[in-house]
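In what follows, a single structure is set out as C-alpha cells and then discussed.
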C-alpha cells in the first residue's frame, strides 16, 4: 500500500503520520514544539519525529519504502516559490528552506503549504465540506489561519499566502499582533492572544472569554463571506474545538448580525468534520494532490 508522509507544524505541536490515498491516518505521532530560537535544533526535533513515523510500521507492513510523497502543512507566512517558511508563531524559522530540507531527509517529493489551506483540502475531501465547491476552512489554535476554496479551486495568491483571515482587522486599535498591525483576528482570538490577555491558557478560559473569541471570529467571517459570496465556513483548531458549542453559537450570532446582504443570509460556521485528525489529513491531501491523485470526496 502506498502512503503519504504527512507533517503538521504549529507553534504548540509538531505532528507527523502516514496517510492513505483514501484519507485515513494509518500512523500518527506528535510532540510539543521545542521552545527554541535555534532553527537547526527545531529541525532536528522534527527529523527525529519523522524518523519515528517512518519506522513505526515495520511490524505491520507499513515502512518507509511505501512512502511515495510527503505533504507538509505549516503556519505562515511562507514563500511557496522558494519553499521557505517564516511562521509568526515559530520565531526560530525565518526564511527556513523547509521543502528542500525535507526532500533531502525523505528522498521523496515534498508538497508544502499553509496548514489552514491544507485543512481546507481535507475538509473538502473527507470532512464537513465534502463535495462543496465554495467554502472557507479556518484554524483557530495557537494562531489563526484560513484556506479559501472558490469554484472548486483552493486559492493560492501571488506567493501562496491567500486566506490569511487571521490578519483581518476585527478590533481597530486593538492588541498588537505579531505581524506588526493592531486588532488582527489573530491578536484578539488566538490561543496565544487569549493567554497573553488573561494570564490563563485557553483551556481555562471563562465563559466571557469563550463568547468574545467567538464574536471576534464571527466578525471576521462576516467580512469574508460578503467579499467572496461563500455560505460555509468550517473551523478546526484546538481553541475552537476546545471551546465547543458556546464558541460556535457566539460566532454564528455575530456573523448573522454583521453580514446583512441577501446572499449571506444562509452563511454558517460549523466545526471541522475531521476533529483532531484534520491537520494530518490535510497534509496528506497536499501530498496526494502533488502526486496527481484525485481527492475524491467520500460518499
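A short reminder: the numbers here are calculations on the coordinates, not readings from a lab. All figures in this text were calculated on a predicted structure; none of them were measured in a lab. Reconstructed Cβ throughout: ideal geometry from the backbone, glycine too, with neighbour counts over all protein chains shown.
Observations, loosely collected:
- Each Cα pair under 8 Å and six or more residues apart adds its separation to the average, and for the stretch 128-272 the resulting relative contact order is 25 percent.
- Annotation: the antiparallel percentage among DSSP beta bridges lying fully within the stretch 128-279 is about 55.
- Between the C-alpha center of the stretch 157-179 and that of the stretch 247-299 there is a gap of 19 Å.
- One chain, two ends: residue 200 and residue 13. Fully extended at 0.36 nm per residue, the span grows by 65.5 nm beyond their Cα-Cα distance.
- A Förster radius of 45 Å combined with the Cβ-Cβ distance from residue 38 to residue 262 puts the calculated FRET efficiency at roughly 0.25.
- Nitroxide proxy distance, nm - points 7 Å out along Cα→Cβ at residue 24 and residue 109: 2.5 nm
- Between residue 100 and residue 151, the contour length at 0.36 nm per residue exceeds the alpha carbon distance by 15.2 nm.
- Diffusion constant of the stretch 78-205 at 4 °C, which comes from Stokes-Einstein with the Kirkwood Cα-pair radius and 1.567 mPa s, µm²/s: 82 µm²/s
- The chain: angle of helix 278-290 to the longest principal axis, Cα-based, in degrees nearest 10: 60 degrees
- Spacing of the two label points (7 Å from each Cα toward its C-beta) at residue 294 and residue 162, in nm: 2.3 nm
- Cβ crowding within 10 Å averaged over residues, with 212-219, 90-97, 286-293 ranked highest first: 212-219, 286-293, 90-97
- Fraction of beta bridges assigned by DSSP in the chain that are antiparallel (%, nearest 5): 55 percent
- Helix axis angle, 39-55 relative to the chain longest principal axis, alpha carbon, degrees: 60 degrees
- Once the Cα atoms are used to define both axes, helix 207-228 deviates from the longest principal axis of the chain by about 80 degrees.
- Highest average packing first - 77-88, 159-170, Cβ atoms within 10 Å: 159-170, 77-88
- The chain - mean residue ellipticity at 222 nm from DSSP helices (-39,500 (n - 2.57) per run, n ≥ 4, rounded to 500): -11000 deg cm²/dmol
- The share of alpha-carbon pairs in the stretch 128-272 lying farther apart than 25 Å comes to 21%.
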